[in-house]
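Quick notes on the structure that follows.
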Amino acid sequence: MATRVGSPTRIQIGAARARRRRVRGLPYLLVAPAALLLGLVLAYPLVRLGVLSFQEYGLRQQFGAPADWVGLDNFRRILGDGEFWSVLWRTVLFCLSTVALTMGVALAVAVLLTRVPRHLRLAMLSGLLLAWAMPPLTATVVWQWMFDTQYGLVNWLLTRLGGDFAGHSWLAEPLSFYSVAAIIVVWMGVPFVAITLYAAMTQIPRDVVEAAAIDGAGPWARFRDVTVPLLAPIIAILTALSILWNFRVFTQIYVLQKAGGVTEETNVLGVYAYRIAIGENRFDTGAAVAIVMVLLTLLLTLVYLRQMVRTEEL
Amino acid sequence: VTASRRSRVLTYGAGVLVLLIAIFPVYWMVNTSFRRAIDIQSPDPSFFPSPGTLENYRKVFDTEFFWTAARNSLMVTLLTVGLALLVAFLAAVAVSRFRFRGRKSFIVAILIIQMIPAEALIISFFKVLDGWHLINTIIGLTLTYLVFVLPFMIWTLRGFVANVPRELEEAAMVDGSSRIRAFFTVTLPLVAPGLVATSIFAFILTWNEFIYALVIMNRPEHQTLPVWLQAFNEGARGTDWGGVMAGSTLIAIPVIAFFLLVQRWVTSGLLAGAVKG
């Protein structure tokens, strides 16, 4: 059919408009499932957590009694409670010392990886991957077995080396409990950090290091004044990530407590909130502790987020 | 010359030490799982599983709730990975292919959400799922895992989708393909590695997860494998390390296998993000 100039064009314009309108709606349709899920199953519980922390919510409310608003009472209670402060202090101390250990060991391992011959490097990388791949729970259970009081390998080894460790209990006393927990956390944390650092080190241009060598810088000076500054951004990100991860440590502590640790003296924030809320049905106080945990994490995160937003164009 | 030689030997020795520390616990787990109870409880440990036995594995398979736990774990994992893949991919296409109002806030929200410690939300998840009558259900646990893997998956897939040149799609469309056909023949194959990598990542997270499963699936017949293992471990009270290690090995093997498959993408992705700036 012959087409005239006037009307078909209008139809085409109309069709294009309709298509554009459809396209304009399309992205919203695509994000809808994700947004809906995250809103309903994540944002809503987060709001609910906030609400709980301002209410009185215990066993009675769990069975249907109305929850009263109590303002800041829950926060006042935990902030006035010596146990909360020692748990918080313990969590921060455990987090910082394990992060320092993880970063130190990982940096040393990364440098080693650049120095050893190729076959050993490949073996080391595979070994680190294997450790990285272990599920946190099974890793903890295996270490629990190695530190076992009666038949554990560690006690056997230390006794063979001349100590008196037969039947020594590692979990009964808080400091040695935390040493075992720290070993597990660091063992699980080092592979990721070390491999990432090693990968970043291989990206450093050779001539930069060689130029420093020609200028007379020794190996240690080259490492300190050339390698470390060039790696600073990634070291910052890895440190921030490790802090975030180790601040929320739960599984390792929980399992070791069940294996004979003294609960009151070894709680960290996550486990503490869990025990108060789920164990003792004090959902209100538990929620207040959890809110403090979220706020502290978000504070720590700001650094990481700023770096992330700066390096990635959104 | 001797000094440099000594330092080379030292470096080599340190490398071997790192290797041993990394792999030994994994080896010890497998080794113990194949040893007889009488050997495990001897004063001198043997470093090789001879004489070996399969008794520990037989015992694990006969344990009450092992098979139901395996089934629960498998169902939750498959459901989570499948649904997360679909939902995350759609969202990733939206944020990397379209400019729309609210796009930037959505991305920032995704970033911030990833930082919220899941451990702090256990209490309210328990309350909310309890209100929806989803405690001790596969659906409840799946919903939980979905929202914890989604942000990472959207964030990662977004990069993969953005890397597919738009011109390729448009060229296919000019050649007469429909938009949908162009998508299936051009975009999808190029994004496939990203889909594989992120779904394996979701698999590992879901398969390993312990805390939420502990709280949400609190009846023995609804346990997942990690919760089953910890219950078995607590029940054994240090008297059955062969059985506990056999259980650990069974849970760890699929993860280790899949992890070794996916790690290349994880490290290179992270590195790409960090070095770019």
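Here are the numbers:
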quantity: Among the candidates A:149, A:138, residue that is more than 20 Å from residue A:193 (Cβ to Cβ), under 19 Å from the mean Cα position of the chain (by Cα) and not hydrophobic (A, V, I, L, M, F, W, C); calculated: A:138
quantity: Every residue from segment A:119-128 that is of a type outside the set (Gly, Ala, Ser), surrounded by fewer than 20 Cβ atoms within 10 Å (Cβ to Cβ) and facing chain B (nearest Cβ under 7 Å); calculated: A:120
quantity: Residue among A:240, A:194, A:182, A:232 that alone is within 13 Å of another protein chain (Cβ to nearest Cβ), in contact with a helix residue (DSSP H, G or I) (Cβ under 6 Å, 6 or more places away or on another chain), surrounded by fewer than 22 Cβ atoms within 10 Å (Cβ to Cβ) and small (Gly, Ala, Ser); calculated: A:240
quantity: Identity of the residue in segment A:70-90, of a type in the set (Val, Ile, Thr) and assigned to a helix (DSSP H, G or I), that ends up farthest from the chain's Cα centre (by Cα); calculated: A:78
quantity: Helices (runs of 4 or more DSSP H) wholly inside segment B:136-249 that include at least 1 residues being among the aromatic types (Phe, Trp, Tyr), free of Cβ contacts under 8 Å to residues at least 60 places away in the same chain and buried (at least 21 other Cβ atoms within 10 Å of the Cβ); calculated: B:138-162
quantity: Odd one out for residue A:169 among (1) free of Cβ contacts under 8 Å to residues at least 60 places away in the same chain; (2) closer than 14 Å to residue A:261 by Cβ; (3) in a loop (DSSP other than H, G, I, E, B); calculated: (1)
quantity: Identity of the residue in segment B:96-135, within 20 Å of the chain's Cα centre (by Cα), facing chain A (nearest Cβ under 7 Å) and in a loop (DSSP other than H, G, I, E, B), that ends up nearest to residue A:277 (Cα to Cα); calculated: B:117
quantity: Residues within segment A:95-118 that are more than 11 Å from chain B (Cβ to nearest Cβ), modelled with pLDDT of 90 or more and either surrounded by fewer than 22 Cβ atoms within 10 Å (Cβ to Cβ) or not in a helix (DSSP H, G or I) (or both), tallied; calculated: 6
quantity: Which numbered condition residue A:112 fails, given (1) within 30 Å of residue B:6 (Cβ to Cβ); (2) in contact (Cβ under 8 Å) with a residue 60 or more places away in the chain; calculated: (2)
quantity: Segment A:14-70 - residue that is loosely packed, with under 15 Cβ neighbours inside 10 Å and basic (Lys, Arg) and, of those, modelled with the highest pLDDT; calculated: A:60
quantity: Boolean, residue A:298 is surrounded by fewer than 17 Cβ atoms within 10 Å (Cβ to Cβ) and either touching a residue at least 24 places away in the same chain (Cβ under 8 Å) or among the hydrophobic types (A, V, I, L, M, F, W, C) (or both); calculated: yes
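Okay, residues lined up against (1) closer than 24 Å to residue B:144 by Cα; (2) at pLDDT 90 or above; (3) within 15 Å of the chain's Cα centre (by Cα); (4) at the interface with chain A (Cβ under 10 Å from one of its Cβ atoms):
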site: B:193; (1), (2), (3), (4): no, no, no, no
site: B:197; (1), (2), (3), (4): yes, no, yes, no
site: B:204; (1), (2), (3), (4): yes, no, yes, yes
site: B:214; (1), (2), (3), (4): yes, yes, no, yes
site: B:249; (1), (2), (3), (4): no, yes, no, yes
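The values are calculated or read from the model by the stated rules, or taken from the named source; none is laboratory data. Remember, predicted model here, so these are calculated numbers, not experimental data. Cβ coordinates were reconstructed from backbone atoms using ideal geometry, including for glycine residues, and neighbour counts include every protein chain displayed.
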